[in-house]
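Colleague: Structure incoming, see below.
Derivation of every value follows stated rules applied to the coordinates shown; laboratory data play no part. Since we're looking at a predicted model, the values are computed, not measured. Glycine also receives a Cβ, built like all others from the backbone with ideal geometry; neighbour counts cover every protein chain displayed.
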Amino acid sequence: MSSVLALARAELLELEAYQPGQAGNEDGSLVRLHANESPWRPIGDDSRAGLNRYPDPQPPELVARLAELYGVDENRVLLARGSDEAIDLLVRGFCRAGADGVFILPPTFGQYRTSAKIHGAKIHELALERARGFEPDEQALYELLRPEIKLLFLCSPNNPTGGSLDRSFVERACERLAGRALVVLDEAYVEFARTPSLVPLMEDFSNLVVLRTLSKAHALAGARCGALIGDPDLVSFLRRLLQPFALTSLTVEAALRALAPESLRTTGERVRVLLEERERLRRGLAGSALVKRVFPSEANFLLVESHDAERFLRASLTGGVMLRWFPRERELEGCVRVTVGTPQQNELLLQSVAQA
Ligand SMILES: *Cc1c(COP(=O)(O)O)cnc(C)c1O
């Protein structure tokens, strides 16, 4: 057993995976009278697999394409219904209710806290301070780490602040937590960052887990498909905690289309457009009288601090644009998150704000 699994909930290690009993039919030549499915497709179903059939829980073709995309062996990839499900699986697999805990650095993605609450895990936290440009205070972080903490959630680039963590910061976290906790690095926006993914660090640290998603750069938020990349023993352990048929056939087919070479080329071009637009939007917003500052961003959004956030939001809504604000986050008072859209959408926002 790898040292990573020594941290998992011991009572789950013996759990048997759900066996759909489809082995031996890889070429699809056998007649399926084993799964109580309908023998006919539903009306109007033009999917490849047929929606009358239960899907493969971890379709090898999609696992292989994602492994290739992320530059890892296939046994390091776990498919999930978005990284949201991967976050939940990690908390489920590693935190005993009322005993173990997670560590988060808010303001950050809300799902880490929500999953921890759902599973009764204790939440330890250190605020990213606006006065420090939302950079984590590393010394303070290490002083707060307790033995019951099983998962350290790091988000890079961080939602909603937009900044990336240094490679050396993540390396030190993995080193210090080796044998004690997993470092969960959420790279939902790494396609928009200057610095590359830290997936290769896994060669050195078996306690590093990276979350990737097709929801953002690959335009598949509605399909719900993400991947957890980690130690092969961890992947096979978490696979046993997954819902029996986590991914729908429609999702798998949409994901395979998004990963075809011509789709990846289009995705690359779109990312380049968004990066140019991010800079244009940043300059435009920074020039607005309502805006105090725009925080540097490595993602497909900008965090804007306004002199008058309510007026800023009202002006954008009057112009027909929805933005996100964070009334309950102390460190984000007066801040608004703006997703980078098409050139026309961004122009509309700039004009709306200019008319405030
Ligand atoms: C959007 C987002 C995700 C969501 O991922 P899904 O794959 O859509 O579940 C994960 N992490 C962060 C930080 C995000 O902002």
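Colleague: Can you sort I149, I229 so the residue with the fewest Cβ neighbours within 10 Å comes first?
Modeller: Lowest count first: I149, I229.
Colleague: Got a sec to turn the phi values of the range 157-170 into Karplus ³J(HN,Hα) couplings, 6.51 cos²θ - 1.76 cosθ + 1.60 with θ = phi - 60°, whole Hz, x for Gly and Pro?
Modeller: Each residue of the range 157-170 in turn: x, 7, 9, x, 7, x, x, 9, 8, 5, 4, 5, 4, 5 Hz.
Colleague: Given Cα pairs under 8 Å that are at least 6 residues apart, what percent is the relative contact order of the range 16-117?
Modeller: Result for the range 16-117 is 14 percent.
Colleague: If you don't mind, there's one more thing I want to ask. Give me the extension gain from E262 to L144: residue separation times 0.36 nm, minus the current Cα-Cα distance, reported in nm with one decimal.
Modeller: 37.8 nm
Colleague: By DSSP, what percent of the beta bridges with both residues in the chain are antiparallel, rounded to the nearest 5? Before the final figure, lay out the partial values.
Modeller: On the way: 18 of 34 bridges.
So the antiparallel bridges in the chain amount to around 55 percent.
Colleague: Subtract the Cα-Cα distance of R48 and T195 from 0.36 nm times their separation in residues, and report this length gain in nm to one decimal.
Modeller: Values: separation 147, 0.36 × 147 = 52.92 nm, distance 3.73 nm.
Extra length available between R48 and T195 comes to 49.2 nm.
Colleague: Let me ask you something else. Shape call for the chain from the C-alpha gyration tensor, a ≥ b ≥ c root eigenvalues: rounded (a/c under 1.5), prolate (a/b greater than b/c) or oblate?
Modeller: Note, shape of the chain comes out oblate.
Colleague: Okay, moving on. Show me 132-144, 83-95 ranked by packing, highest mean number of other Cβ atoms within 10 Å first.
Modeller: My ranking of the peptides, most packed first, is 83-95, 132-144.
Colleague: Let me ask something else about it. To the nearest 20 debye, what charge dipole does the chain have about its Cα centre, counting +1 at the Cβ of each Lys and Arg and -1 at the Cβ of each Asp and Glu?
Modeller: 960
Colleague: In deg cm²/dmol and to the nearest 500, what is the mean residue ellipticity at 222 nm of the chain if only DSSP H runs of at least 4 residues count, each as -39500 (n - 2.57), divided by the residue total?
Modeller: So the calculated ellipticity at 222 nm is -10000 deg cm²/dmol.
Colleague: Now a separate question. On a full-extension model of 0.36 nm per residue, what is the gain between D233 and L250, subtracting their alpha-carbon distance, rounded to one decimal in nm?
Modeller: Details: separation 17, 0.36 × 17 = 6.12 nm, distance 2.84 nm.
Using 0.36 nm per residue and subtracting the Cα-Cα distance, I get 3.3 nm.
Colleague: On to the next question. With an 8 Å Cα cut-off and a minimum separation of 6 or more residues, compute the relative contact order for the chain in percent.
Modeller: That works out to 18 percent.
Colleague: I need the peptides 70-82, 153-165 ranked by packing, meaning the mean over residues of other C-beta atoms within 10 angstrom, with the highest value on top.
Modeller: Working: 70-82: 19.2, 153-165: 24.3.
Highest to lowest by the protection proxy: 153-165, 70-82.
Colleague: Which of the peptides 203-213, 343-353 is most tightly packed, and how do the rest follow, going by the mean number of other Cβ atoms within 10 Å of each residue?
Modeller: 203-213, 343-353
Colleague: Can I ask one more? In whole Hz, with x marking every Gly and Pro, tabulate ³J(HN,Hα) for the range 347-353 from phi via Karplus 6.51 cos²θ - 1.76 cosθ + 1.60, θ = phi - 60°.
Modeller: Computed from phi, the couplings for the range 347-353 are 4, 4, 5, 4, 5, 4, 5 Hz.
Colleague: Shifting gears a bit: All other residues with a Cβ under 9 Å from the Cβ of L12 taken together, and with Lys, Arg as +1 and Asp, Glu as -1, what is their net charge? Walk me through the numbers before you get to the answer.
Modeller: Working: positive: R9, R92, R240; negative: E11, E14.
Residues near L12 contribute +1 overall.
Colleague: Taking a ≥ b ≥ c as the square roots of the eigenvalues of the Cα gyration tensor of the range 1-141, is the shape rounded (a/c under 1.5), prolate (a/b larger than b/c) or oblate?
Modeller: prolate
Colleague: Using the charge dipole of the chain (Lys, Arg: +1 at Cβ; Asp, Glu: -1 at Cβ; taken about the Cα centre), state which of A6, A64, L302 has its Cα farthest towards the positive end.
Modeller: Highest projection toward the positive end goes to L302.
Colleague: A further question on this structure: List the residues whose amide H sits under 5 Å from the amide H of D186, counting only those 5 or more places along or on another chain, with H placed 1.01 Å from N in the peptide plane.
Modeller: It is L154, C155, S156, L211, by chain and number.
Colleague: Residue by residue through the range 56-62, which ³J(HN,Hα) values in whole Hz follow from phi under the Karplus form 6.51 cos²θ - 1.76 cosθ + 1.60 (θ = phi - 60°), with glycine and proline marked x?
Modeller: Each residue's phi maps through the Karplus curve to give 5, x, 9, x, x, 5, 6 Hz.
Colleague: Further, regarding this structure: Between W40 and R172, with labels modelled 7 Å along Cα→Cβ, what's the label distance in nm to one decimal, could you check?
Modeller: 6.6
Colleague: Would you please give the FRET efficiency between V31 and E125, computed as 1/(1 + (r/R0)^6) with r the Cβ-Cβ distance and R0 = 45 Å, to the nearest 0.05?
Modeller: Numbers: r = 55 Å, r/R0 = 1.23.
After rounding, the FRET efficiency stands at 0.25.
Colleague: Set the Förster distance to 22 Å, then compute FRET efficiency between L317 and Q351 from the Cβ-Cβ distance, nearest 0.05. Intermediate values should be presented prior to the final figure.
Modeller: Numbers: r = 13 Å, r/R0 = 0.61.
With a Förster radius of 22 Å, E is 0.95.
Colleague: About the Cα centre of the range 175-305, what is the dipole size in debye to 20, counting +1 per Lys and Arg Cβ and -1 per Asp and Glu Cβ, all else neutral?
Modeller: 440
Colleague: Right, another one. Let's see if you can work this out: charge +1 on each Lys and Arg Cβ, -1 on each Asp and Glu Cβ, no other charges. What is the dipole magnitude of the range 1-111 about its Cα centre, in debye to the nearest 20?
Modeller: Values: 10 positive and 17 negative charges, 43 e Å.
So the magnitude is around 200 debye.
Colleague: Based on the Cβ-Cβ distance from K292 to E203, what FRET efficiency comes out when R0 is 45 Å, to the nearest 0.05?
Modeller: Efficiency, from the Cβ-Cβ distance: 0.60.
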